[in-house]
Amino acid sequence: MAFRKLKYKNVKGTRSGQTLRSGEIAVDETSSQLFMGDNSTQGGNPITSLISFKHINANHTLTSGEIVVCLQGTYNVTAPAGADGFTAMVINTADSGTRTLVQPGQSNTAMSGSEVHYVIWNGSGYNRSFNDS
């Protein structure tokens with residue numbers, strides 16, 4: 001899988017006055033926020049706006065890149081079948097009810113208490129889904 005090695009330099013001036021190259025990351029030392037460039041937006045785009053983040057309390061099908069926080073209740077969180085490059089994070093914080101992580105081709109995982117599951121498709125299955133509680 002490809003990755004990007006980050007390099008940095010200290011830039012005099014303000015971030016808002018700079019147009020970052022596509023994929024370039026900037027740290028705003030005043031706010032401690034991260035920004036990603038797109039070759040056009042001055043100052044870049046806040047990285048938090050690039051992440052799909054949802055609170056759920058009913059059956060839900062994951063999308064790639066999504067981070068979901070499970071609220072109380074009994075329901076399924078389902079990963080799609082055979083999605084190349086698929087990654088998602090499921091954060092369970094609820095104490096009552098049972099949330100079930102459904103991954104095609106694998107046994108289902110019951111979630112209760114505080115735990116985090118990283119759901120990663122490797123090209124032939126979800127063999128890298130694990131609990132990091």
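Summed over the stretch 7-26, the residues that are exposed (fewer than 12 other Cβ atoms within 10 Å of the Cβ) and modelled with pLDDT of 80 or more give a count of 5. Collect the residues in the stretch 54-86 that are of a type in the set (S, T, N, Q), in a loop (DSSP other than H, G, I, E, B) and under 12 Å from residue 98 (Cα atoms), keeping them in residue-number order. Within the stretch 54-86, 57, 59, 72, 74 qualify.
Screening the stretch 91-133 for residues that are modelled with pLDDT under 75 and of a type in the set (Phe, Trp, Tyr) and picking the one that is surrounded by the fewest Cβ atoms within 10 Å (Cβ to Cβ) gives 130. For residue 34, which of the numbered conditions (1) at pLDDT 80 or above; (2) outside any loop (DSSP other than H, G, I, E, B); (3) not assigned by TED's automatic domain parsing to the domain that holds residue 117 fails to hold? Of the numbered conditions (1) at pLDDT 80 or above; (2) outside any loop (DSSP other than H, G, I, E, B); (3) not assigned by TED's automatic domain parsing to the domain that holds residue 117, the odd one out for residue 34 is (1). Residues that are more than 15 Å from the chain's Cα centre (by Cα), modelled with pLDDT under 80 and not acidic (Asp, Glu) within the stretch 75-90 comprise 81, 82, 83, listed in sequence order.
The values are calculated or read from the model by the stated rules, or taken from the named source; none is laboratory data. Worth saying up front: this structure is predicted, and the values here are computed from it rather than measured. FYI the Cβ positions are ideal-geometry reconstructions off the backbone, even for glycines, and counts take in every protein chain you see.
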